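Below is one structure, written out as structure tokens, with a few remarks after it.
The values are calculated or read from the model by the stated rules, or taken from the named source; none is laboratory data. What you see is a predicted model; the values in this text were computed from it and never measured. Cβ placement follows ideal geometry from the backbone for every residue including glycine, while neighbour counts extend to all protein chains displayed.
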Amino acid sequence: MADGGVLFNLKLKMPQILQRIPLGGVGLVIGSILTVIGFGAYFADMPTLNLAGFFYGIPLLLGGLALKAAELPPVPWRRPTPPEVMAHRTQATPTQNQIRQEVTRYRYGEKVHLGAALERLKLGDTDEEWPVLVGIHEELRDNHYTLVLTFDSPDVPWTTWQEKVEKLTNFFGPDIQIALHQPQEEMVELALLSTR
């Protein structure tokens, strides 16, 4: 998990609000507006505005379409975080914080959230077989901060998850204890309990 969120060994820090805005949608809206203005200026015989609309509008529109096609939306929160859990967030490990931040923002060019982790843990042979993260929530277990990831796992049987508990514990790092729960068939809850 140490290399997640790193691009050319530089950590990119974006304000939280910008991480929650779909860039594809922004590109589509601004590109569409500029392109329409460009066409309007063309028919109104306004060459400067026409060029600006075409040179900026069409590339932004195409870029927005490309981002929209490669967009992976944030994972929804399964339930709101209670205030007593928020008070215990200081117990969260860097890995828990990184996972929470990464999966609750828009991602681009990835098929599933935590794909690199699922691949390294060998939870599925191909990206089509990987479990899909469908929800996240925070809770307290034994008065310790716990991040719970809910996966839809039709191609990875429950027994495979159980066999990987030790590998999951080692992968997600120090100060984390793993607990698995199967709330229903083909669903798995992976709880990352902070031991700090």
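Values computed for the structure shown
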read-out	value
Selection within the range 140-156 - charged (D, E, K, R), over 12 Å from Val188 (Cα atoms) and in a strand (DSSP E or B)	Arg141
Residues of the range 80-114 that turn out to be more than 15 Å from Gly173 (Cβ to Cβ), out of contact with any strand residue (DSSP E or B) (no Cβ under 9 Å at 6 or more places or on another chain) and not polar (S, T, N, Q), as a count	3
Counted residues, the range 36-78 - those being among the hydrophobic types (A, V, I, L, M, F, W, C), touching a residue at least 24 places away in the same chain (Cβ under 8 Å) and part of a loop (DSSP other than H, G, I, E, B)	2
Evaluation of Trp158 against (1) of a type in the set (A, V, I, L, M, F, W, C); (2) exposed (fewer than 15 other Cβ atoms within 10 Å of the Cβ); (3) within 22 Å of the chain's Cα centre (by Cα) (one fails), failing number	(3)
Enumeration of residues in the range 134-151 that are surrounded by fewer than 21 Cβ atoms within 10 Å (Cβ to Cβ) and either farther than 17 Å from Leu72 by Cβ or modelled with pLDDT under 95 (or both)	His137, Glu139, Leu140, Arg141, Asp142, Asn143, His144, Val148
Pairs with Cβ under 7 Å, 6+ apart, first in the range 157-174 and part of a loop (DSSP other than H, G, I, E, B), second among the hydroxyl-bearing types (Ser, Thr, Tyr) and surrounded by 15 or more Cβ atoms within 10 Å (Cβ to Cβ)	Gly173/Thr93; Gly173/Thr95
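Residue-by-condition table, conditions (1) assigned by TED's automatic domain parsing to the domain that holds Glu163; (2) on the phi < 0 side of the Ramachandran plot; (3) part of a helix (DSSP H, G or I); (4) in contact with a helix residue (DSSP H, G or I) (Cβ under 9 Å, 6 or more places away or on another chain):
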site	(1), (2), (3), (4)
Pro80	yes, yes, no, no
Thr95	yes, yes, yes, yes
Gln98	yes, yes, yes, no
Glu129	yes, yes, no, no
Glu138	yes, yes, no, yes
